[in-house]
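Here the structure comes first, spelled out in structure tokens, and everything after it is commentary.
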Amino acid sequence: MIADLVIKGGTIVTDTATFRGAVAILGESIFAVGDDAAMPPARETLDATGLHVLPGAIDAHVHFREPGYTHKETWETGTASAAMGGVTTVFEMPNTKPPTGTVEALELKLKAAEKAYVDFGIYGLLAEDNLDQLEALIDGGVAAFKCFMGNTFGNLPAPPTGAILEGFEIIARHGYRISLHAENASIMARRQLALQAVGRVDPLAHLAARPPVVAVEAVSRAAILAEWTGARIHILHVSSGDELRPLREAKLRGVDITAETCPHYLLLDEHAYTDKGSLIRVNPPVREKVHQDQLWAAVRDGTIDMIATDHAPHTAAEKHNDDIWCADCGFTGVETQMPLMLTQVVAGRLGLTDYVRMTSAAPAKAFGLYPRKGALLAGSDADIVVVDLERAGLIASELLQSKGSSTPFDNVATAAAPIHTLVRGRFVMRDRALVVEARGHGRSVRRIQAMPTPAPRNMETTTAAITAKRP
Ligand SMILES: [Zn+2]
């Protein structure tokens with residue numbers, strides 16, 4: 001047996017252990033993990049002396065804007081950014097034009113994704129007007145669903161609670177996870193109007209419009225509906241300490257609920273509104289330091305399962321506006337997560353195995369990809385990132401692959417960097433350079449996705465059940 005590639009001399013990091021060793025790759029898969037001397041002969045050897053070998057990151061929350069907003073990002077530039085950021089699988093959001101709420105829209109997105117450098121899952125939209133499309137979207141190949149309980153870019157209307165419940169009833173029967181933008185639309189809309197009525201256009205008005213209760217209410221309500229229906233849910237971008245209580249309580253009640261936070265909530269605080277102006281506008285908002293501290297505690301105690309990015313690029317002109325209500329929400333992130341968070345690892349704020357768990361194993365498990373992805377095991381996909389924990393650098397917006405590359409982390413110093421990224425055995429980044437020939441290598445994860453057996457509850461009271469009964 002001759003392996004295609006052996007990565008030797010490095011330190012292997014999994015979600016549970018760190019050890020000296022090598023990885024042998026055959027075709028698209030990991031063939032062996034073990035001692036350098038135990039590796040088979042190989043066509044090629046990569047010397048990883050002084051470097052760390054991690055499973056590639058899985059980012060459960062990116063917006064690649066295509067179709068519809070290709071001046072902000074495309075599947076080509078977005079996945080190139082992922083490759084350069086050590087991210088080997090992304091889950092892409094449905095607030096494109098058209099929104100991914102029908103099979104026809106899904107077909108358009110799958111077509112756009114043919115240019116992907118890295119593997120991907122496509123989110124289907126759960127909205128009030130497409131409940132009759134949800135099962136067709138599953139058949140069409142979505143990997144999960146997204147429900148906007150609060151408005152954000154694209155202004156997709158938040159479904160009323162009745163429609164969310166009906167959507168949960170349908171999806172629970174199939175076992176796919178539903179990711180929630182958990183902010184209460186009505187509270188935010190009223191507050192924004194009130195602030196606008198008194199002339200507030202400054203950046204901090206954005207924070208004032210979205211106090212933590214906006215998220216607390218939505219997380220709690222989503223957890224109640226998930227508990228009732230047996231739907232699996234994921235809370236996107238946890239931004240406040242206050243959301244942690246309903247999240248912990250739901251976990252204790254046995255709700256199948258996972259949660260993510262993002263680097264901007266862990267690394268920025270209210271000073272960003274002064275320092276960055278409208279560039280910092282993101283939903284939910286970056287909050288006061290007290291929330292940041294509670295989020296770090298929740299990262300350490302496991303209440304927050306994952307670190308994702310909410311990669312949400314816009315052009316510089318769209319980000320900068322003297323009227324905060326006119327600045328687009330979100331910013332690029334898929335390429336900067338790993339250098340930023342590994343810098344925290346180097347600083348001792350987060351364990352390296354914990355980092356791997358939160359960025360790779362946990363999302364793989366939540367979305368039914370483990371252990372094909374999110375693991376360095378014989379038989380796993382060879383999705384690997386080789387990182388240098390001693391490579392200092394600066395984040396430079398103009399060097400990012402992302403089209404809408406404005407970032408509040410521009411010029412921030414980093415202490416570590418991904419050096420090589422492999423997706424199913426193929427280099428997509430090598431020696432910090434994008435491998436342009438790998439464009440189109442990315443594939444939908446639906447070919448390997450295996451969610452646990454669905455566990456729907458209260459089936460006798462679903463809308464489908466009660467309307468099927470004849471008196
Ligand atoms: Zn988002």
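The values are calculated or read from the model by the stated rules, or taken from the named source; none is laboratory data. This structure is a prediction, so every number in the text was calculated from the model and none was measured. Counting neighbours? That spans all protein chains shown, and the Cβs are built from the backbone with ideal geometry, glycine included. To get the accessible areas, we keep the full protein, side chains included, count just its heavy atoms, and leave off ligands, DNA and RNA. Shrake-Rupley method; radii C 1.70, N 1.55, O 1.52, S 1.80 Å.
Would you mind stating whether Pro94 is in contact (Cβ under 8 Å) with a residue 24 or more places away in the chain, closer than 17 Å to Asn155 by Cβ and open to solvent by 10 Å² or more (accessible area, probe 1.4 Å)?
Values: in contact (Cβ under 8 Å) with a residue 24 or more places away in the chain: yes; closer than 17 Å to Asn155 by Cβ: yes; open to solvent by 10 Å² or more (accessible area, probe 1.4 Å): no.
Criteria not met by Pro94.
State the number of residues belonging to region 355-385 that are within 17 Å of the chain's Cα centre (by Cα) and open to solvent by 30 Å² or more (accessible area, probe 1.4 Å).
Within region 355-385, residues that are within 17 Å of the chain's Cα centre (by Cα) and open to solvent by 30 Å² or more (accessible area, probe 1.4 Å) number 3.
On the given criteria, is Arg232 touching a residue at least 40 places away in the same chain (Cβ under 8 Å) and surrounded by fewer than 20 Cβ atoms within 10 Å (Cβ to Cβ)?
Judged against the criteria, Arg232 is not a match.
Given the condition outside any helix (DSSP H, G or I), touching an Asp or Glu at 6+ places or on another chain (Cβ under 9 Å) and among the β-branched types (Val, Ile, Thr), answer yes or no: does some residue in region 67-77 qualify?
There is at least one residue in region 67-77 that is outside any helix (DSSP H, G or I), touching an Asp or Glu at 6+ places or on another chain (Cβ under 9 Å) and among the β-branched types (Val, Ile, Thr).
Go through (1) closer than 27 Å to Cys326 by Cα; (2) surrounded by fewer than 24 Cβ atoms within 10 Å (Cβ to Cβ); (3) charged (D, E, K, R) for Lys72 and report which single condition fails.
(2)
How many residues, within region 37-63, are surrounded by 15 or more Cβ atoms within 10 Å (Cβ to Cβ) and of a type in the set (Asp, Glu)?
1
Would you kindly identify the helices (runs of 4 or more DSSP H) lying entirely within region 223-330 that contain at least 3 residues that are within 14 Å of the ligand (Cβ to nearest atom)? Outline the logic, then answer.
On the way: elements: 244-252, 263-267, 271-276, 289-301, 316-319.
Because the criterion is at least 3 residues that are within 14 Å of the ligand (Cβ to nearest atom), the helices (runs of 4 or more DSSP H) in region 223-330 that meet it are 263-267.
Test Thr421 against the criterion of being farther than 19 Å from Glu76 by Cβ, polar (S, T, N, Q) and surrounded by 18 or more Cβ atoms within 10 Å (Cβ to Cβ), and give yes or no.
Values: farther than 19 Å from Glu76 by Cβ: no; polar (S, T, N, Q): yes; surrounded by 18 or more Cβ atoms within 10 Å (Cβ to Cβ): yes.
No: the conditions fail for Thr421.
Which number in (1) within 16 Å of the ligand (Cβ to nearest atom); (2) outside any strand (DSSP E or B) marks the one condition that Gly50 misses?
(1)
Out of (1) surrounded by fewer than 24 Cβ atoms within 10 Å (Cβ to Cβ); (2) away from the ligand (no atom under 16 Å from the Cβ), the odd one out for Gly86 is which?
Checking Gly86 against (1) surrounded by fewer than 24 Cβ atoms within 10 Å (Cβ to Cβ); (2) away from the ligand (no atom under 16 Å from the Cβ), the one that fails is (1).
Evaluate the following for Gly348: is it open to solvent by less than 10 Å² (accessible area, probe 1.4 Å), at positive phi and either out of contact with any helix residue (DSSP H, G or I) (no Cβ under 7 Å at 6 or more places or on another chain) or within 16 Å of the ligand (Cβ to nearest atom) (or both)?
Considered against the rule, which asks whether it is open to solvent by less than 10 Å² (accessible area, probe 1.4 Å), at positive phi and either out of contact with any helix residue (DSSP H, G or I) (no Cβ under 7 Å at 6 or more places or on another chain) or within 16 Å of the ligand (Cβ to nearest atom) (or both), Gly348 comes out as no.
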